[in-house]
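Visitor: Please find one structure pasted underneath; my questions will follow.
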Amino acid sequence: MSAPKLHHFSPVFGNVRWGDAGGYVCYARDVYVKRITRAPKGPRQWGRKKKLYRHMTEIALNKEIETPAAPLYEALLQGRPLDSEERRKWSQFLLSQVVRTPSFMRYEVAARALTETTGQPTHDRVGCEDCADLAWVANRDWCLFASADGDCFIRTDNPVYMTGFLSQPATALYYPLNPRVCFVACSMPSTWDPSCSPIHADDPCAAYALVKGGASLIDFYLAKAADESAVVSPRHDNNVLRTMLTQVLGVFPQPPFLLHELGDADETSALESVRTIMRYADGYDYGLYAPHEMQPRYHPARSPNTR
């Protein structure tokens with residue numbers, strides 16, 4: 001009998017950037033000994049789970065998401081600007097990365113149980129190029145953050161960190177591209193019209209150097225929003241990062257904001273609804289959600305009077 005199919009919810013072409021010839025260092029929650037363990041992982045051994053998707057979903061993710069996103073990933077790292085079509089495709093890739101993780105799918109099952117919903121998502125984990133919510137990512141200001149020498153970004157099993165509901169202008173999305181560079185879809189002014197492309201959309205994605213410790217602040221929130229594990233580049237694995245990961249890894253997994261349309265609802269009640277889903281799925285009463293320093297995060301080129 002063949003072994004159960006392992007599905008990568010975090011694509012290998014991105015994960016390998018955290019490894020060297022021997023792979024990367026993985027921090028993971030061990031439910032049996034009830035502590036965070038640290039161990040090496042091969043370049044294809046992390047970011048996967050057994051029988052996570054249907055076979056046709058796996059094929060679609062590879063063909064419609066990962067194959068076209070791989071060159072865009074490289075383009076962003078090289079500073080090449082993306083045109084409007086490419087910006088939408090990259091946005092589709094990011095949102096797919098949000099909804100294809102084990103934690104999001106666990107919360108999705110819980111939401112269906114709580115609402116007694118039996119239907120399945122129309123586009124499953126792939127989304128579509130015509131989905132209206134892509135504009136909430138594609139038409140934000142984009143930038144790249146570069147870590148200071150000696151600092152790094154980690155990758156977690158919730159690789160995209162969202163600070164709030166997608167339709168909220170103040171929300172920002174973080175997605176580390178490699179240990180030194182993090183992509184950011186920025187917070188926008190309250191007057192932002194998501195149907196309009198940003199003024200500098202055709203320019204290269206500007207990169208901004210963070211001060212020493214700036215990447216560590218982002219890592220703190222990435223680590224908190226993990227589900228069960230994270231990987232670190234071996235050359236950046238140090239005592240400071242080790243201490244942080246063993247203390248905060250997964251203490252407040254990424255809230256499934258995409259399961260709740262904010263609409264005219266009060267943000268506080270909407271957040272409570274999301275927390276109810278998480279509590280039902282995980283059997284744990286998470287505290288109030290507060291991203292603190294991570295929200296809002298405006299593009300560095302914006303002046304205060306445009307916010």
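The values are calculated or read from the model by the stated rules, or taken from the named source; none is laboratory data. Computed from a prediction, not measured in an experiment: that's the story for all the values here. We place every Cβ from the backbone using ideal geometry, glycine too, and count neighbours over all the protein chains shown.
Visitor: Within segment 211-267, take every residue that is of a type in the set (Val, Ile, Thr) and not in a helix (DSSP H, G or I) and give me the one that is surrounded by the fewest Cβ atoms within 10 Å (Cβ to Cβ).
Guide: The residue in question is Val211.
Visitor: Any chance you could count how many residues in segment 154-172 are β-branched (Val, Ile, Thr), touching a Phe, Trp or Tyr at 6+ places or on another chain (Cβ under 7 Å) and over 18 Å from Ala132 (Cα atoms)?
Guide: Adding up the residues that qualify gives 1.
Visitor: In addition: Can you name the residue in segment 3-43 that is at pLDDT 85 or above and in a loop (DSSP other than H, G, I, E, B) and, of all such residues, is surrounded by the fewest Cβ atoms within 10 Å (Cβ to Cβ)?
Guide: Looking at the filtered set, the residue picked out is Gly42.
Visitor: May I ask you to list the residues in segment 150-188 that are touching a residue at least 60 places away in the same chain (Cβ under 8 Å), under 18 Å from Leu77 (Cβ atoms) and more than 15 Å from the chain's Cα centre (by Cα)?
Guide: If the condition is that a residue be touching a residue at least 60 places away in the same chain (Cβ under 8 Å), under 18 Å from Leu77 (Cβ atoms) and more than 15 Å from the chain's Cα centre (by Cα), then Asp151, Cys152 are the ones that fit.
Visitor: Could you check, for segment 277-288, whether at least one of its residues is surrounded by 13 or more Cβ atoms within 10 Å (Cβ to Cβ), assigned to a loop (DSSP other than H, G, I, E, B) and more than 15 Å from the chain's Cα centre (by Cα)?
Guide: Yes, there is a match, as at least one residue in segment 277-288 is surrounded by 13 or more Cβ atoms within 10 Å (Cβ to Cβ), assigned to a loop (DSSP other than H, G, I, E, B) and more than 15 Å from the chain's Cα centre (by Cα).
Visitor: Could you check Cys128 against (1) outside any strand (DSSP E or B); (2) hydrophobic (A, V, I, L, M, F, W, C); (3) in contact (Cβ under 8 Å) with a residue 60 or more places away in the chain and say which number it fails?
Guide: Evaluating Cys128 over (1) outside any strand (DSSP E or B); (2) hydrophobic (A, V, I, L, M, F, W, C); (3) in contact (Cβ under 8 Å) with a residue 60 or more places away in the chain leaves (3) as the failure.
Visitor: Exactly one condition in (1) under 20 Å from Ala223 (Cα atoms); (2) polar (S, T, N, Q); (3) in contact with a helix residue (DSSP H, G or I) (Cβ under 8 Å, 6 or more places away or on another chain) is not met by Thr276; state its number.
Guide: With respect to (1) under 20 Å from Ala223 (Cα atoms); (2) polar (S, T, N, Q); (3) in contact with a helix residue (DSSP H, G or I) (Cβ under 8 Å, 6 or more places away or on another chain), Thr276 is out only on (1).
Visitor: Pick from Leu77, Leu72, Leu61, Leu95: which is in contact (Cβ under 8 Å) with a residue 60 or more places away in the chain, surrounded by fewer than 19 Cβ atoms within 10 Å (Cβ to Cβ) and either assigned to a helix (DSSP H, G or I) or on the phi > 0 side of the Ramachandran plot (or both)?
Guide: Every option except Leu77 fails the conditions.
Visitor: Out of (1) crowded, with 16+ Cβ neighbours inside 10 Å; (2) free of Cβ contacts under 8 Å to residues at least 60 places away in the same chain; (3) outside any helix (DSSP H, G or I), what's the single condition that is false for Glu66?
Guide: Looking at each condition in turn, Glu66 falls short on (3).
Visitor: Consider Gln78 against the criteria (1) in contact with a Pro (Cβ under 8 Å, 6 or more places away or on another chain); (2) closer than 19 Å to Arg17 by Cβ: it satisfies all of them except one. Which criterion is unmet?
Guide: (1)
Visitor: If I go through segment 44-58 residue by residue, how many of them are touching a strand residue (DSSP E or B) at 6+ places or on another chain (Cβ under 8 Å) and assigned to a helix (DSSP H, G or I)?
Guide: 1
Visitor: Separate question: Residue by residue through segment 191-241, note down the ones that are free of Cβ contacts under 8 Å to residues at least 60 places away in the same chain and of a type in the set (Lys, Arg).
Guide: Listed by number, the list holds a single entry, Lys224.
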